[in-house]
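Structure, as structure tokens:
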Amino acid sequence: MEYFEANWSSLPWTPWVPFTATKEQFREIPKEPGLYRIRPTGKDFLMYIGETRRTVHERLNELRHNIKRKDLMPWNAPHTAAPSLWTWKDAEGFEYECSAAPLDTSMNGRRGMECYLLYRYRQEYGESTLCNFGRFHKRFRKSTDRKKSNGDPGIRGEKLDSSKKDNPAGGFSHPPLPAIGKPGNIDWMGLEWSASKSLERKYITSMPGGQGLYILLDSVSHEIVYVGESENCAKRLYDHSQKVRDKNDLLFSYHILDKAVFPHQLKELENDLIGNYFEVYRKAPEYQFGNFK
């Protein structure tokens, strides 16, 4: 279980600290930006991997207090993992421990490392953490934010009535993609990528519809600058094309899935690509976590 080790992925992880630790014990968690991992006590898997530009001490301290209340599921914000952690605690009686690694770098660097850790975990364990990618306990509905975007009050999540179907976010994790080929190759990660074409409407409108994965590449260096997923790749690529000043600057390539998958599974596949790119180049694609030019 490399993902439990103190030097996992060459990062300086702290010892595991229980969520129930005293204020003094919790000082093991550094007061610096970085990454963190959460596991259920006594289990052999991880619940969540995250990053923060705030201090990991502040982030995790806030999270552990956020899931204490037994009678109400936490809101989706300020921590989107809180409702999911709460449901597993409520349903299975899980207690949690956390470990952190300081990493004071750019947002691209920190989020790229987060993707890499999630990718490594999937490769090592065979599936994703239970609370990343929007995964959720199948017998619960997730809380919204405290206030909706239109200003209306949010809706607390709750356990589903026995007459209701399972939450699809509680479905199986997609098997990890095999680390085949190099980023940008036509067989990268065992997928069948289309030939790259200029990010122009005439090429986008001729591609097939459906769920899929896509990459954007610099037209000169052919380096991948963005990895994406969508329920409708053609529409998403067209939207991208409207945001760039010169469409000749970028190329696109895509892989349309053979059969439909759940939204969390599509995000898992996208992360496998970003994680493998980070493994090869030790950085995230240039535009991955920022705005297009």
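The values are calculated or read from the model by the stated rules, or taken from the named source; none is laboratory data. These numbers come from a predicted model, not from an experiment. Cβ atoms come from the backbone with ideal geometry, glycine included; neighbour counts cover every protein chain shown.
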Could you tell me which numbered condition Lys138 fails, if it satisfies all but one of (1) buried (at least 21 other Cβ atoms within 10 Å of the Cβ); (2) in contact with a helix residue (DSSP H, G or I) (Cβ under 7 Å, 6 or more places away or on another chain)? (1)
Quick check on the stretch 178-194. Is at least one of its residues closer than 18 Å to Ser230 by Cβ, outside the structural domain of Cys131 (by TED's automatic domain parsing), among the small types (Gly, Ala, Ser) and not in a helix (DSSP H, G or I)? yes
For Tyr287, are the conditions met, namely being touching a Leu at 6+ places or on another chain (Cβ under 9 Å), under 28 Å from Gln123 (Cβ atoms), at pLDDT below 95 and not assigned by TED's automatic domain parsing to the domain that holds Tyr121? yes
So, Thr144, is that one of a type outside the set (A, V, I, L, M), touching a residue at least 12 places away in the same chain (Cβ under 8 Å) and buried (at least 20 other Cβ atoms within 10 Å of the Cβ) or not? no
Quick one: in the stretch 82-97, which of the residues that are surrounded by fewer than 22 Cβ atoms within 10 Å (Cβ to Cβ) and under 23 Å from the mean Cα position of the chain (by Cα) is farthest from Glu24 (Cα to Cα)? Trp88
Please verify whether Asp272 is in contact (Cβ under 8 Å) with a residue 40 or more places away in the chain and of a type in the set (Asp, Glu), treating the condition exactly as stated. yes
What's the number of the only condition in (1) surrounded by fewer than 14 Cβ atoms within 10 Å (Cβ to Cβ); (2) within 22 Å of the chain's Cα centre (by Cα); (3) at negative phi that Ser10 fails to meet? (3)
Given the criterion free of Cβ contacts under 8 Å to residues at least 12 places away in the same chain and either loosely packed, with under 13 Cβ neighbours inside 10 Å or not polar (S, T, N, Q) (or both), identify the matching residue among Asp161, Asp166. Asp161
